[in-house]
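Note sheet for the following structure.
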Amino acid sequence: MKKQSRFVAGAVAVLGVIGYLMVTGMRDSMVYYFTPDELAAKVHADPTMHEVGVKVGGRVVPGTVVFDQRTLDLRFTITDIASGRTRFPVHYHGPLPDTFKEGRDVVAEGQLTAGGTFEAATVLTKCGSRYEGMQQQGGGGPS
Amino acid sequence: MTQIGEIALWVALLVGAWGATLAFVGGRTGRGDLVLSAERSVWVVFALLATTAGAIISAFLHDEFRYEYVTGHSNRELPFFYKVTGLWAGQTGSLVFWSLLLALFSSIVVFQNRRRNREFMPYVTGTLLVVLVFFLTVIVTQSNPFTTLDFTPTDGRGLNPQLQNYWMTIHPPALYLGFTCFTIPFAFCVSALLSGRLDTRWITTTRRWTLVAWFFLTIGIIFGMMWAYVELGWGGFWFWDPVENASLLPWLTGTAFVHSVMIQEKRGMLKMWNVLLMMSTFLLSIFATFLTRSGLIESVHSFAQNLPIAYTFLAFLGVMVVGTAGLVWWRRDRLAPESRLESFLSREAAFLLNNLLFVAAMFAVLWGTMFPLISEGVSGHKITVGPPFFNRVNIPIGLLLLALLGIGPVIAWRKATARNLRRNFTLPVSVALVVGTVLLATGVRHVYALLTFVLASFTMTTVVVEFWKGTRARARIEGEGAAVALIHLVQRNRRRYGGYIVHAGLVVLFCGLAGKAFGTEKEVALSPGEWVDIRSAWGHTYRLTYQDMSWYTAPNMTKLVASMDVRIDGRRAGVMASEKRSYRQREEVVSEVGIRRAWNEDLYVILAGIEDMDGVVRGTNPRPLATFHILVNPLVPWIWLGGLIMAIGTLTALWPSAEAPPRVRAPRLSAGARPARVPEPELVEA
């Protein structure tokens, strides 16, 4: 029986190491996901939130998209999908994401600076929603 | 005509429900006639679903845009091929496709087992039909492909451009084949628990199904990576996206299962564990289908909220989890191990560690994937975890597995002696040390990459030595030439050597992944005639000269093509094209990357931006400024090569043996006979 408990201890040790990696990994890569409304409220309540990297999911306001093909600077205004209230400008540097368009829903990851501009490190486009609305679009399960 | 498809769907649901009831009643009461009737209903369901699928494809081919599903995923100009594959281009169609595949496999199982495994078949049939009925219920109530619009549009809205890619047409079917195939061993597992026959029979009789499932899931995942690589255009192939993770989850438990059953067969251990692994694999397959289809968790690719379906799937999963857990608890006494672990230095211990790591990886991936939902439920805030989390946990696990890949197959059962260790590991360890020293000397400092190459060389050596030893022994005993001996060696032990080939493929794949550490990239804006240099990790330099921009119309789209002249260290090396495609029907622009593939690296060019795109098409601006994102991706081709080797290895293990075991004929089950009393032909295997 003593031997068996040694094996259990071995397994627990392995799981412990993996658990440690998970906990520290979580600390390094946890990112809050906000809607523009929530983010505005957060920053208002706690100005240190300007320094914290967050993800924000919102809609690209039509008519605000400016993309410089030479410098690859993308600027647009994002707004809350549900309420349409909060708006702030977003700046991103890099190739225009393929399905990026006015009126599309996007998720930007970055920081809302004290100047009020959201400096995005990544911009992801949610595809398909424009056509299918809330209804569907499995998109063939690209996985 | 298309209406027939919808009628068939409803009839299939009714027949399926009827058959499931008959199967379980027949199993409980031992009435063979009911069981036979249930088995026939499986065939009927398959025929009906084939009709449904045929009707959907016909609706696509005939441009019947009054169907919402057709309108949403096709248009008149769409190439024939994509119209046919429209069956699985969206949620509703792919649920039909899923059910069709499951019905097909269920029919094959019923046919294969018409004379054998009779004590299993009532519950196997019942379980398969229950799963089918669930899918059919979801389809007819919440996701009907035959939903019509109030009017008939003149043209469809077209297929999502990112899905107009050949990988996309085979990647979902491959994954679905994998998911559905796992339902077969799961059904035998449930049946073993219900009937109480808990020896290794349910495992051995479904071994081939498990391997087929594993094969398709593996290539499905790799096809998905290829799709991401050529179509998503950011130079990577794995994003730790929820939908990608979802397909990885059943792969991890399925791989653990393929290994742990060997322990049960050899040593009678891990019976309970194997049952649990098979159940998790099936449940995770359903979970993956559901996650892909429901958009419950945000994902880059498929995206939409379809909450009623999400709740239906969650409810089904919940019932299945509780039901299967209850079954295992009920039968826990019969799942006790026959022997115990004796030493850390044994094959059993290596396999156990392998299983522990696979399951831990599964939990880590599941946790990271579900965390946005969990955190929202607990704290009210959605918190996402990114790739750093997944890499941090899974890279060390992957490296340990890479080492086990070399240790497991050659270490002795029960307890390894010092002599066994010396004999098997002296050469591989020496090779690994030499490789490590050479890499350090050439300036490789990336710890994970270094470890990968060292462990890969260790494992590869053990595999090569195994083949070498086997071939030499056979050549000596049988007096055959080396090549003939090698072929015969593999033929006689397909499962073992097929497994080694899979291992070798995985080693190659791991090296390909490690190559990412040495990638270089650049982003430049160029006018025609201007050039840019980019260095490769191998030491040479690419010079890319932007020549010109051309445009032309193709079916369904307008293409803008930037051509670049490529030179390697001054030598001409051809021309590369990278494109922007503007899809007319969807008013969407998609980048089509240019890839120059060599055996050791890819040169990857993304046409990131074109100044004044309209001017190019109108002809007012024939020489536009363009922005390029250029990457050199070392060893990426090895990932695909490794995948190919893995596929070949799995097929080797799967291929029917040349010398078939003598067939034992079992008496045909006559109506009314109690299934449990039919003598069992032990030698015949699926």
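Read-outs: derived from the displayed coordinates by stated rules, not from any lab. Quick caveat: nothing in here was measured; it's all calculated off a predicted structure. Cβ atoms come from the backbone with ideal geometry, glycine included; neighbour counts cover every protein chain shown.
Rounded to the nearest 20 debye, the dipole magnitude of the protein assembly as shown is 3960 debye, with +1 charges on Lys and Arg beta carbons, -1 on Asp and Glu beta carbons, and the Cα centre as origin. The modelled label-to-label distance for the pair B:Arg476/B:Trp599, using points 7 Å beyond Cα in the direction of Cβ, is 3.3 nm. Stretching B:Leu427 away from B:Gln547 to a fully extended chain increases their span by 37.9 nm, per 0.36 nm per residue minus the current alpha-carbon distance. Note on A:Lys101: lysines with a C-alpha under 21 Å away, same-chain residues under 8 apart excluded, are A:Lys55, A:Lys126, B:Lys559, B:Lys580. Among B:Thr558, B:Ile383, B:Ile170, which residue has its Cα furthest toward the positive end of the charge dipole of the protein assembly as shown, with +1 on Lys/Arg Cβ and -1 on Asp/Glu Cβ? Result: B:Ile170. Between A:Ala82 and A:Ala45, the FRET efficiency estimated from the beta carbon spacing at R0 = 22 angstrom works out to 0.65. Of all lysines in the structure, those lying under 18 Å Cα to Cα from A:Lys3, and not within fewer than 8 positions of it along the same chain, are B:Lys415. The residues B:Cys511, B:Cys181, B:Cys189, when put in order of fewest to most other Cβ atoms within 10 Å, stand as B:Cys511, B:Cys181, B:Cys189. Taking other C-beta atoms within 10 Å as the exposure proxy, B:Leu352, B:Leu128 rank B:Leu352, B:Leu128 from fewest upward.
The modelled label-to-label distance for the pair B:Arg40/B:Arg197, using points 7 Å beyond Cα in the direction of Cβ, is 2.4 nm.
Given a Förster distance of 51 angstrom, what is the FRET efficiency for B:Thr154 paired with B:Arg332, based on the Cβ-Cβ distance and rounded to 0.05? After rounding, the FRET efficiency stands at 0.20.
With both labels modelled 7 Å from their Cα along Cα-to-Cβ, the B:Arg66 to B:Val438 distance reads 7.0 nm.
Using a Förster distance of 41 Å, how high is the FRET efficiency between B:Ala325 and B:Tyr448, based on the Cβ-Cβ distance and rounded to 0.05? List each step's numbers first, then the result.
Numbers: r = 38 Å, r/R0 = 0.92.
Taking R0 as 41 Å, the efficiency between B:Ala325 and B:Tyr448 is 0.60.
With contacts taken as Cα pairs under 8 Å and at least 6 residues apart, chain B reaches a relative contact order of 13 percent.
Between rounded, prolate and oblate, where does the protein assembly as shown land on the alpha carbon gyration tensor, with a ≥ b ≥ c its root eigenvalues, rounded for a/c under 1.5, else prolate if a/b exceeds b/c? Show your work: numbers first, answer last.
Numbers: a/c = 1.68, a/b = 1.26, b/c = 1.34.
Here the protein assembly as shown falls in the oblate category.
Over the Cα atoms of chain B, compute the convex hull volume and normalise it per residue, giving Å³.
Details: hull volume 126.4 nm³, N = 686.
Taking the convex hull of the Cα positions in chain B, it is 184 Å³ per residue.
Cβ-to-Cβ counts within 10 Å put A:Val107, A:Val56, A:Val61 in ascending order as A:Val61, A:Val107, A:Val56, the fewest first.
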